[in-house]
Amino acid sequence: MPLNFTLKSQFTTFKFLWLFFISILCLPYSAWSAQKVEQQPQNSDIRVLIDVSGSMEKNDPKNLRIPALRLLVGLLPAQTTAAVWNFGTKTKPLVPLGPSDEQWKIKANQASTIIHSKDFYTNIGLALDTAIAGWGDKKPDSTPRSIILLTDGMVDISKDDKKNIAERNRILKELLPKIVKTGAQIHTIALSKNADHDFLKQLSTKTDGGYEQTDSAEQLERIFLRLFEKTTKVDTVPLVDNTFQVDESILELTLLVFKAKDAEPTEVIEPDKNNYQRNNKPNYVKWQSERNYDLITITRPKVGEWSLNAQTDPDNRVMVVTNLQIQTGRIPNNIFSGETLNIALFLTDNNKKITDDNFLQFTSMSAKQTYPNKNRWFLHDNGLRGDKEANDGVYNVSINQSLSLGKHKFVLQAKSNTFQREVNYSLLVHEIDLINNRVMRTEKNNKSLHQILITPNIEFIRAKGLQLSAVLVTGKLPLANHSNIERLEDLDNTHSINLKQKDTNILEWTYKTNKLNPEKDYYVIVHLLGKTRNGRAIDYISSPIQLNIPKVETSTTPVSPLAEQIPEKTISSPQQQAPAPVAEATAEIDEAIEPEEDSGWLMGIIITLIANIVLGGSAWFGYRKWKQGREASYADITGELE
C-alpha cells in the first residue's frame with residue numbers, strides 16, 4: 001500500500017458560539033485542544049512486581065500468577081524493555097531488565113515457576129524503590145514507563161503497626177511524588193477484598209495508571225491482558241463471530257483465545273480453508289497453550305478471511321504487526337466525574353501520519369462504548385462537531401455523555417473497504433470534586449448578600465495555569481440529579497458570571513451579588529481548564545452549587561486550607577496565606593457588588609482593560625483574555641453523538 005504523505009503542523013481551530021452565555025463560559029481556551037497530538041511511541045519500559053507473601057497461598061492457591069505472567073510475557077512486543085521481580089520481605093529479580101526479545105521471553109517463562117507464596121511480609125515500598133531504579137527524577141523524552149503491581153494485601157513490613165503506618169505514609173507522601181516526576185504509571189491489582197484498596201487506588205490514580213480488583217485469581221490472565229493494552233501500543237483487527245480479515249499490510253498476527261473448562265481444542269481456519277490445531281500446526285505457527293488460553297502467533301499470514309473454531313469470548317483478540325497503524329493521542333486511564341473525555345485518532349503508514357484525502361475519504365473513524373452502556377460516536381476531520389482542525393488527518397470527538405462513575409470500556413476503530421484496525425481502551429471515572437466551594441449569606445443595608453468562594457483541589461490539579469469561569473442558572477435545574485448535567489447548552493435561564501481572583505498568589509476565586517430574587521433558586525456551575533498533577537490536560541465542569549442559601553450561614557463543601565494545599569514551585573510567592581476566614585471575607589463587602597445581569601462581555605473586558613491601565617496593571621493579560629474569549633468555542637469542549 002504505497003503511501004507518501006507529509007505531516008502538517010497542527011493549530012487549534014476555534015469557532016464562534018451561537019449562544020452568548022455559553023461563549024462567555026468558555027472564555028479560556030481548551031488546554032487540551034491547544035496541544036499538539038503526538039504519535040504514541042512504539043517502545044515501552046515495563047516493570048512487573050509480584051507479591052509472594054504467605055497470604056497468596058489462600059488468595060491464589062493454584063498459583064495462577066504463573067500463567068498470567070506468561071500471557072503478559074508472550075504478548076510483549078520485541079521493542080519493549082521489561083523486568084520482573086518477586087517481592088515479600090525483600091525484592092528479588094525474577095527476570096532482569098532487558099529487551100523482551102525471544103531469549104528474554106524464554107528466560108521469563110522458565111523463571112515464572114519460581115513464583116511462590118512463602119514470604120512473611122509485604123514490603124511494597126522496597127519493591128517500588130527497586131522498580132524505579134535508574135529512572136532518575138525526570139520524565140523520558142519518548143519511552144512510556146509503567147509499573148504493574150500485583151498484591152493481595154497492604155503495606156506490611158513489621159509486627160509493629162506503627163512502623164507499617166509510617167511506611168505507608170512514606171510511600172504516599174515521599175515515594176509517590178518521586179514516581180510522578182519520572183512520568184511512570186503505576187497499574188495496581190488488588191487480589192483480595194481485604195487489600196488496602198484506598199492505598200492502591202491512590203498509587204494508580206495519582207500516576208494515571210489502571211486499578212483492578214478481583215477476589216478470584218481466575219481473573220488474573222484477563223486483568224494482565226487489560227494492563228498489557230494500557231502499557232503498550234498494540235493494533236488489533238475486529239473479531240466478529242470468530243471471523244476476521246487480514247489485509248496485505250499485516251506482517252504477523254497473534255491470536256489470544258480464552259478457553260472454558262473441558263473446551264474442544266482450538267482450531268484455526270485460513271482463507272484457503274487450510275485448518276489446524278496445536279498438534280498439527282504448520283512450521284510458521286507458534287502455539288503456547290495454557291489451561292485457560294491459547295496464544296497463537298502466525299508469521300506472514302495469508303490475505304483474506306480467517307476464522308476460529310473455538311468458544312467466542314469478548315476478551316479474545318487478534319493482534320497484528322503492521323505498517324498501517326491506528327494511533328491515538330494521549331487518552332487517560334482515569335478521569336473525574338464532570339470531566340470531558342477527548343479522543344483523537346489518526347492513521348500512520350511506516351510511522352508517518354496519513355493526511356492524503358484520497359485515502360482518508362474512504363475511511364471512517366468511530367469510538368464505541370461497550371460497557372456499561374452501548375454507545376457509538378463518529379469522529380470527524382472537517383473542523384466541525386468537535387474536530388479541532390479540518391483536513392489535518394486527525395479525527396476528534398469529545399465525550400461528556402454516558403460517563404457514569406466506575407469502569408468504562410471503549411473500542412476505537414478505523415475502517416475502510418480494504419482494512420480494519422481497532423484499539424481496546426478502558427478507563428475509570430472517579431467521584432472526586434476538583435473544586436472546593438464555600439457559600440455564604442450576609443445581611444447588609446436590608447439586602448441579602450450572597451457570596452461563593454471557589455478553590456481548586458490541588459491534590460489532583462496543578463496550581464499553575466488554571467483558568468476558571470462560571471455560569472449562573474436561575475430557577476430549577478432541568479435534571480433531577482443535579483450532579484449529572486452533561487450539556488450546558490440544554491440549560492435555560494443561564495448567564496455568565498465573573499469569578500474574581502483578588503490575589504494571584506492565593507488560589508481563591510469569588511463571586512458575590514445582592515440582586516438575587518428570594519422567590520427563585522440559583523446555581524453556580526464552574527468550568528475549569530488546567531492540568532492534573534501528572535501533566536494531563538483537563539476540561540472539567542462542576543456539579544451545580546446552590547447560591548441562594550438560607551440566612552444561617554452554610555457551607556456546601558469545606559474549603560481546605562490553602563496554606564496546606566499550595567505546592568512549592570507553582571505559586572510566585574514562596575509563602576502562602578490561607579483564605580480569609582468567613583468573618584473577614586464578609587467584612588469586605590463594601591466593594592462594588594456584581595449585578596445579576598451582565599452588560600455584555602465585550603464591554604466588561606473593555607472596562608477591565610481601562611481599570612488595569614489606570615491602576616498600572618497588566619493590560620497585556622487583559623488583551624490575551626479578551627482575544628481568547630472571542631476565539632473560544634463550545635464545540636471545543638463537547639462532541640456530537642451520532
State which residue is farthest from the chain's Cα centre (by Cα) when the search covers only the stretch 301-338 and only residues that are under 22 Å from Asp349 (Cβ atoms) and of a type in the set (Lys, Arg). Lys302
Where residues in the stretch 215-230 are surrounded by fewer than 21 Cβ atoms within 10 Å (Cβ to Cβ), more than 22 Å from the chain's Cα centre (by Cα) and not small (Gly, Ala, Ser), which of them is nearest to Ile148 (Cα to Cα)? Gln219
Do we have Ala390 as buried (at least 16 other Cβ atoms within 10 Å of the Cβ) and at pLDDT 90 or above here? no
Hey, does the stretch 270-285 have a residue that's under 34 Å from the mean Cα position of the chain (by Cα), surrounded by 15 or more Cβ atoms within 10 Å (Cβ to Cβ), outside any loop (DSSP other than H, G, I, E, B) and modelled with pLDDT of 95 or more? no
Quick count over the stretch 66-97, residues being over 12 Å from Asn109 (Cα atoms) and either among the charged types (D, E, K, R) or over 28 Å from the mean Cα position of the chain (by Cα) (or both), is 9
Per-region count, the stretch 398-410, residues more than 15 Å from the chain's Cα centre (by Cα) and touching a residue at least 40 places away in the same chain (Cβ under 8 Å): 1
May I ask you to list the residues in the stretch 152-205 that are closer than 18 Å to Leu427 by Cα, assigned to a helix (DSSP H, G or I) and open to solvent by less than 10 Å² (accessible area, probe 1.4 Å)? Leu200, Leu203, Ser204
From the set of residues in the stretch 447-469 that are part of a strand (DSSP E or B) and not hydrophobic (A, V, I, L, M, F, W, C), which is most open to solvent (accessible area, probe 1.4 Å)? Lys447
Cβ-Cβ below 7 Å, separation at least six or inter-chain, first residue in the stretch 193-218 and farther than 19 Å from Asn63 by Cβ and β-branched (Val, Ile, Thr), second open to solvent by 10 Å² or more (accessible area, probe 1.4 Å) and assigned to a helix (DSSP H, G or I): which pairs? Thr207/Val180
Which one of the conditions (1) in a loop (DSSP other than H, G, I, E, B); (2) touching a residue at least 24 places away in the same chain (Cβ under 8 Å); (3) over 21 Å from Asp539 (Cα atoms) does Asn382 fail to meet, given that it meets all the rest? (2)
Look through Glu443, Glu489 and report the one residue that is open to solvent by 40 Å² or more (accessible area, probe 1.4 Å), part of a strand (DSSP E or B) and modelled with pLDDT under 90. Glu443
Does the stretch 210-219 contain at least one residue that is of a type in the set (D, E, K, R) and within 21 Å of Leu412 (Cα to Cα)? no
Only one of Leu427, Leu472, Leu412 that is in contact with a His (Cβ under 8 Å, 6 or more places away or on another chain), under 20 Å from Asn333 (Cβ atoms), open to solvent by less than 10 Å² (accessible area, probe 1.4 Å) and in a strand (DSSP E or B): Leu427
So, of the residues in the stretch 306-337 that are in contact with a Ser or Thr (Cβ under 6 Å, 6 or more places away or on another chain) and not hydrophobic (A, V, I, L, M, F, W, C), which turns out to be nearest to Pro456 (Cα to Cα)? Asn334
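The values are calculated or read from the model by the stated rules, or taken from the named source; none is laboratory data. Just so it is clear, the structure is predicted and the values come from calculations on it, not from any experiment. Cβ: placed from backbone, ideal geometry, glycine included. Neighbour counts: every protein chain shown. Ligands, DNA and RNA are stripped out before the accessible areas are found, and what is left, the full protein with its side chains, is counted by its heavy atoms. Shrake-Rupley method; radii C 1.70, N 1.55, O 1.52, S 1.80 Å.
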